[in-house]
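Structure, as C-alpha cells:
The values are calculated or read from the model by the stated rules, or taken from the named source; none is laboratory data. Not measured: the values here are computed from a predicted model. All Cβ positions, even for glycine, are placed from backbone atoms using ideal geometry, and neighbour counts span all protein chains on display. Note: areas computed on protein heavy atoms with side chains; ligands, DNA, RNA excluded. Shrake-Rupley method; radii C 1.70, N 1.55, O 1.52, S 1.80 Å.
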Amino acid sequence: MKPGIVELDGNYILWTVLAFIWLTYLWETYLTWRQRCIYTNAKSVPAEIESIMDQETYDKSRRYQLDKTNFGLVHGVFNQIETAVVLTFGGLPYIWGVSGDILRSFGYAAEEYEITHSLVFLFLAAIYGTVTSLPWTVYSTFVIEERHGFNKQTMSFFIKDQIKSFVIFQSITLVIMSGLIYIIKVGGDYFFIYCWVFVIVVSLVMITIYPDYIAPLFDKFTPLPEGDLKTEIEKLAASIKFPLTKLYVVEGSKRSSHSNAYFYGFFKNKRIVLFDTLLENYKPPKDESEKDKESSAAGDSQEEETTEEVKESKTEEKVEPKKGCTDDEVVAVLSHELGHWSLNHVFKNFFIGQVCLYTGLVHKIILSLTSSILLLLSCN
C-alpha cells in the first residue's frame, strides 16, 4: 500500500454498490407501479381531453401503455437479478481474465498492454450485454409493438439493423474508450479534469457528426418538398428567430409507425427532421433506381401493361384511411420541440450532465484526500 493511501475493503464496496442499485431499483419500480395503477383504473377519457380524443383512441393508448409497463416491470426484475448475480459472483473479473487469456493467445502480455486489454474486455462485455438483451428486444418489437400495430420491421431487416448497430457503435465506443484510458494512465493527479474535458469535446463532436454521418447509415433522409407545410414551418421558425437552414423527412416507417420530430445543429445552422409517419399520407420522392425500374417495366408487352392497368384501377377504388397529422398538427408538434430550444432546455441539460460528470470525478479525489488526512492524523 502506498503511503498516505487507505485501502477500502472490497466486500464493503461491493455491498455498498449492491445496496445502492437495489434501493434505486425499488424506488423506480414503485413509481412505475403507481403509473401502472393509473393505466389500469383510468378507463374513461379525462374531461380535459374529451374534445380532442374519442374513447376508442384512448382505450388503444391505455392498453398499449399497460402492455409496455408490464413488460418493463418483468424486464426490470430480470436486469436487476442479472446485475446482482454478475457483481456478486465475479462476472466482471471473469470477463477481464478471459480478455487477458485472449491477448496471451496472440502472444501479447496482458499486463503490458493495458489499453488493448481493456478494449477486449469492453468488447466481450458488449457481446454479453447484446446477447442477454436480444430476446427482450425481439419480444418488445415483434410481440408488443406488433400487437398494437406499430412494428413495421421484418425479421431479416431487424437482424441486419442489429448487426449494423453493434458494429458501428462498437467501432466508435472502442476508439473513445482507448483515448479515455490513455488519459487516465498519463494524466497524473489531475487526470479527472483531462477526462472531463475529453468527454465534453467528444460529446460535442458526436452531436455534430451523428445526424449528418451516422444516422444516414440507418435511415434515409430526404429534403421536405416545397408546399404549404414547409412554408408554415418556416414561418414558425421565423416567428421565434429559430435559425432554420434545412428541413428533412426521415424514413422511419420502415421500422415503426410511431411518429416523431426533432431538431439539431449548433448556433446559426439548425435543421429540423420530421418522421414520414408524422405527415399525412406522405409519399417519399422516387430515386433514380426506382425510376429506372418503372422505365423498364413500361417496356413490357402490351398484354402485361393491360393486366397492370386492370390491377391499378382496382387498387384505386380502395380508399385507404388517412395516416399522419395535418399540416396544422405537424406545426403544433414542432411548436413543442422548438419550445425546448427557445427555453434553452438542450443547453441546460448538457450543462447539468457535465456538472454531474465533473462532480462524480471530483468525488473520487475528495475521498482519496480525506483518507490521506485521516491517516496522517491517526499517525500523529
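Going by what's in this entry, would residue 132 be described as loosely packed, with under 15 Cβ neighbours inside 10 Å and either touching a strand residue (DSSP E or B) at 6+ places or on another chain (Cβ under 7 Å) or touching a residue at least 40 places away in the same chain (Cβ under 8 Å) (or both)?
Working: loosely packed, with under 15 Cβ neighbours inside 10 Å: yes; either touching a strand residue (DSSP E or B) at 6+ places or on another chain (Cβ under 7 Å) or touching a residue at least 40 places away in the same chain (Cβ under 8 Å) (or both): yes.
Spelling it out, residue 132 is indeed loosely packed, with under 15 Cβ neighbours inside 10 Å and either touching a strand residue (DSSP E or B) at 6+ places or on another chain (Cβ under 7 Å) or touching a residue at least 40 places away in the same chain (Cβ under 8 Å) (or both).
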query = If only one of 40, 83 is open to solvent by less than 90 Å² (accessible area, probe 1.4 Å), assigned to a helix (DSSP H, G or I) and under 21 Å from residue 133 (Cβ atoms), which one is it?
reply = 83
request  = Residues being open to solvent by less than 60 Å² (accessible area, probe 1.4 Å) and either of a type in the set (Gly, Ala, Ser) or at pLDDT below 55 (or both): count how many of those fall in the stretch 333-380.
outcome  = 8
All positions within the stretch 213-233 that are within 30 Å of residue 162 (Cβ to Cβ), open to solvent by 30 Å² or more (accessible area, probe 1.4 Å) and either in contact with a Phe, Trp or Tyr (Cβ under 9 Å, 6 or more places away or on another chain) or in a helix (DSSP H, G or I) (or both) = 213, 216, 217, 221, 223
Selection status of residue 204, under 20 Å from residue 341 (Cα atoms) and assigned to a strand (DSSP E or B) = no
remark   = Being assigned to a helix (DSSP H, G or I) and open to solvent by 100 Å² or more (accessible area, probe 1.4 Å) narrows 22, 15 down to just 15
query = Among the numbered criteria (1) loosely packed, with under 15 Cβ neighbours inside 10 Å; (2) among the β-branched types (Val, Ile, Thr); (3) closer than 30 Å to residue 121 by Cβ, which single criterion is violated by residue 245?
reply = (3)
task = Scan the stretch 85-96 and give yes if some residue there is touching a Leu at 6+ places or on another chain (Cβ under 7 Å), free of Cβ contacts under 8 Å to residues at least 24 places away in the same chain and of a type outside the set (D, E, K, R), otherwise no.
result = yes
ask   = For the stretch 104-129, what are the residues that are open to solvent by 50 Å² or more (accessible area, probe 1.4 Å), among the hydrophobic types (A, V, I, L, M, F, W, C) and within 20 Å of residue 182 (Cα to Cα)?
value = 122, 123
